[in-house]
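To start, the structure under review is shown below, and the notes come after it.
The values are calculated or read from the model by the stated rules, or taken from the named source; none is laboratory data. Since the structure is predicted, the reported quantities are computational estimates derived from the model, not experimental observations. Counting neighbours? That spans all protein chains shown, and the Cβs are built from the backbone with ideal geometry, glycine included.
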């Protein structure tokens with residue numbers, strides 16, 4: 001028995017909730033932006049993530065994963081572009097942290113300037129969301145399990161499943177944004193702690209890039 005073409009709805013809800021809670025470059029970037037620049041900039045990053053996720057969902061519905069599977073060279077190109085961008089974001093975060101750590105005399109000047117990768121949070125978050133071909137494959141393999149192939153209007157269950165995961169994403173990113181804004185108050189008085197966190201986040205982005213570069217279609 002299906003709910004408007006969705007099979008086993010509550011299993012999907014639990015699975016989607018668990019997926020959203022898994023750490024990834026999207027949520028980590030939004031948290032970093034909120035910590036560095038506040039709630040408004042955090043939501044700018046979150047809207048970039050929402051748009052990127054929406055595009056990925058639409059591409060998944062249109063069979064983007066099948067296209068990548070049938071064109072290994074295209075998959076390799078896209079995944080290396082994604083890996084390079086994530087690594088670039090990581091390097092910028094580490095460099096910014098290193099400058100803050102070393103240049104104690106210029107802290108007052110640099111404190112009011114956002115790192116280069118934080119200056120346009122909407123655009124940066126959008127690119128981070130899109131340059132992840134593994135996400136398209138994952139979405140397809142996850143969604144297809146819960147869509148009744150005999151349902152006469154496939155768009156209906158797809159919209160239901162997409163709406164659920166987008167709502168979870170909005171709630172989770174909102175929580176991270178307000179958490180980051182609260183953390184910012186402590187970091188303003190502890191510059192070295194802020195630099196240490198920034199470098200740690202940069203290291204994680206380098207790890208995300210490496211993981212993506214070694215991803216396979218299997």
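May I ask you to list the residues in region 162-180 that are closer than 13 Å to residue 17 by Cα and in contact (Cβ under 8 Å) with a residue 40 or more places away in the chain?
Step one: of region 162-180, the residues closer than 13 Å to residue 17 by Cα are 162-173.
Correct list: 162, 164, 165, 166, 168, 169, 170, 172, 173.
Would you list the helices (runs of 4 or more DSSP H) that sit entirely within region 1-76 and hold 1 or more residues that are under 17 Å from the mean Cα position of the chain (by Cα)? Qualifying helices (runs of 4 or more DSSP H): 9-21, 25-37, 39-61. Test residue 79 against the stated conditions and say whether it is part of a helix (DSSP H, G or I), within 20 Å of residue 28 (Cα to Cα) and modelled with pLDDT under 70. No: the conditions fail for residue 79.
Being at pLDDT 75 or above and assigned to a helix (DSSP H, G or I) is true of residue 182.
Here the condition is being modelled with pLDDT of 85 or more and in a helix (DSSP H, G or I); of 137, 206, 176, it holds for 176 alone.
Checking 19, 55 one by one, the residue that is farther than 13 Å from residue 131 by Cα, touching a helix residue (DSSP H, G or I) at 6+ places or on another chain (Cβ under 8 Å) and touching a residue at least 40 places away in the same chain (Cβ under 8 Å) is 19 and no other. Within region 36-48, residues that are at positive phi reach partners that are surrounded by fewer than 19 Cβ atoms within 10 Å (Cβ to Cβ) and assigned to a helix (DSSP H, G or I) with beta carbons closer than 9 Å, at six or more positions or on different chains, in the pairs 38/181; 38/184.
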